Amino acid sequence: MAFNTVLFGVCCTLIITFHLSQARFISSRHQGFIDEHNKARAEVGVGPITWNETVAEYARKYAKTRIKTCEMEHSGGPYGENLAEGFGKMSGAQAVRYWVTEKPNYDYASNKCVNDECLHYTQVVWRDSVNLGCARTRCKNGWVFIICNYYPPGNYIGERPY
């Protein structure tokens, strides 16, 4: 009996240790996405966004469909969405920083984009979007496809992001 209890305890410890190490690996893989989103959100007084594995799984599945051509086409799914495409080793953090470069194009007073696009930026800082899931994949043409999905979605016409 004592052997079975010890063996059970050892097995439980190994399983817990494995899951914790996996969680740290998964967390570090998407931390750049979260950090860059939360940096931009903090600049305008919006609370932090958190990783959501269900939303991330949706992003991963869609990213896999882009591997063949890397075509920048929105998924049309139930989430808010930002897409990026780059060459080389473009990271998730770099994609988010790129979307945030649209900030000067958003005029808070009129709640409109000026001169250029700003909807990627407004989705990043959308106050009601509190869950995030992103994916990055290398396409067959050597490019990188990045997708971030947001829940609840944002960018509703006539509503302010913050």
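The values are calculated or read from the model by the stated rules, or taken from the named source; none is laboratory data. Just so we're clear, the structure is a prediction, and the values are computed from it rather than from any experiment. Methodologically, a virtual Cβ is constructed for each residue, glycine included, from the backbone with ideal geometry; neighbour enumeration extends over all protein chains shown. Remember, those area values only see protein heavy atoms, side chains included, never the ligands or the DNA or RNA. Shrake-Rupley method; radii C 1.70, N 1.55, O 1.52, S 1.80 Å.
Just name the residue that is modelled with the lowest pLDDT out of those in the stretch 69-93 that are touching a strand residue (DSSP E or B) at 6+ places or on another chain (Cβ under 7 Å) and open to solvent by 80 Å² or more (accessible area, probe 1.4 Å).
This residue is 87.
Residue under question is residue 4, and the condition is that it be at pLDDT 95 or above and among the polar types (S, T, N, Q); does it hold?
Judged against the criteria, residue 4 is not a match.
Mind listing whichever residues of the stretch 103-162 are polar (S, T, N, Q), touching a residue at least 24 places away in the same chain (Cβ under 8 Å) and either buried (at least 22 other Cβ atoms within 10 Å of the Cβ) or in a helix (DSSP H, G or I) (or both)?
Within the stretch 103-162, 122, 123, 129, 149 qualify.
Modelled with pLDDT of 95 or more and within 20 Å of residue 52 (Cβ to Cβ): does that describe residue 151? It would help to see each step written out before you state the result.
Numbers: modelled with pLDDT of 95 or more: yes; within 20 Å of residue 52 (Cβ to Cβ): yes.
So residue 151 fits the description; yes.
Suppose the filter is buried (at least 21 other Cβ atoms within 10 Å of the Cβ), more than 15 Å from the chain's Cα centre (by Cα) and among the basic types (Lys, Arg); does residue 66 pass it?
yes
Residue 46 - would you say it is modelled with pLDDT of 95 or more, in a helix (DSSP H, G or I) and of a type in the set (Val, Ile, Thr)?
no
Out of (1) farther than 20 Å from residue 153 by Cβ; (2) open to solvent by 70 Å² or more (accessible area, probe 1.4 Å); (3) touching a residue at least 12 places away in the same chain (Cβ under 8 Å), the odd one out for residue 54 is which?
Residue 54 satisfies all of (1) farther than 20 Å from residue 153 by Cβ; (2) open to solvent by 70 Å² or more (accessible area, probe 1.4 Å); (3) touching a residue at least 12 places away in the same chain (Cβ under 8 Å) except (1).
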